[in-house]
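Novice: Take a look at this one; I'll ask things after.
No lab work stands behind these numbers, since they all come straight from the coordinates. If you're wondering where the values come from, they're calculated on a predicted model, not measured in any experiment. Cβ: placed from backbone, ideal geometry, glycine included. Neighbour counts: every protein chain shown.
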Amino acid sequence: MVVLYGVIILFLGIGVGYLLYRNWKIGEEFENERTTLRTTVQQNQLANDKQQLMFSMKTFGWAVRNSLLQNKPGEINEYFNTLVKDRGVREVLLVDPKGRVTISTNKKNQGVQFAERFPAYLLQQETIYFGDKRPYELSAPITGPNQRLGTLVMFYNPASLLPASPTNP
């Protein structure tokens with residue numbers, strides 16, 4: 001009888017050990033799938049944000065160009081103030097060809113040299129630029145018929161599709 005109880009306890013121990021091992025493996029698989037899914041969502045969000053923001057900068061650049069050619073800085077200021085009300089838009093600046101901020105949604109930056117407060121490489125782009133560090137950095141050259149009129153710069157904080165977690169702050 002003692003041998004029978006011993007065998008039963010041994011099988012129960014093996015069964016419990018197997019269930020604990022299986023539970024651990026399933027948890028590990030779940031975490032791997034969760035990490036993969038988070039990475040995929042973040043990559044898709046970045047690609048979508050990039051496409052939409054670059055298209056927006058292109059069309060917004062045309063509007064700013066038109067206002068610059070018509071010498072209407074007040075109109076540009078209105079565009080900026082309307083745009084900065086949108087969620088995510090942190091700051092919008094217009095920089096002249098000499099690197100001085102002429103119009104900004106943050107009035108403290110107007111009149112200063114752009115490179116003193118912001119990355120100078122944003123002014124050196126020949127096409128629409130998208131930098132994916134947070135906040136996103138965007139710049140678009142504003143060109144006239146035969147010269148560069150300035151550079152449009154925007155800083156954008158993207159909304160996260162995923163809730164914050166210890167692995168994804």
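Novice: Which distance in Å, rounded to a whole number, links the C-alpha centroids of the range 49-67 and the range 109-150?
Specialist: Measuring centre to centre over Cα atoms gives 13 Å.
Novice: Within the range 24-154, count lysine pairs with alpha carbon atoms under 29 angstrom apart where the residues are 8 or more positions apart or belong to different chains.
Specialist: 25
Novice: Right, another one. Exposed loop sites here are trypsin sites (Lys or Arg not before Pro) in DSSP loop states with at most 11 other C-beta atoms within 10 Å. What is the longest stretch of the chain lacking them? Walk me through the numbers before you get to the answer.
Specialist: Values: sites that count: LYS85, ARG87, LYS98, LYS133.
Of all site-free stretches, the longest is 1-84.
Novice: In addition: In nm, give the distance between the simple-model label positions of GLU31 and LEU46, each being 7 Å from the Cα along the Cα-to-Cβ direction.
Specialist: Rounded to a tenth, the inter-label distance reads 2.3 nm.
Novice: Then there's this: Just to check, using Stokes-Einstein with a Kirkwood Rh over alpha carbon pairs, what's the diffusion coefficient of the chain at 37 °C and 0.692 mPa s in µm²/s?
Specialist: The Stokes-Einstein estimate is 167 µm²/s.
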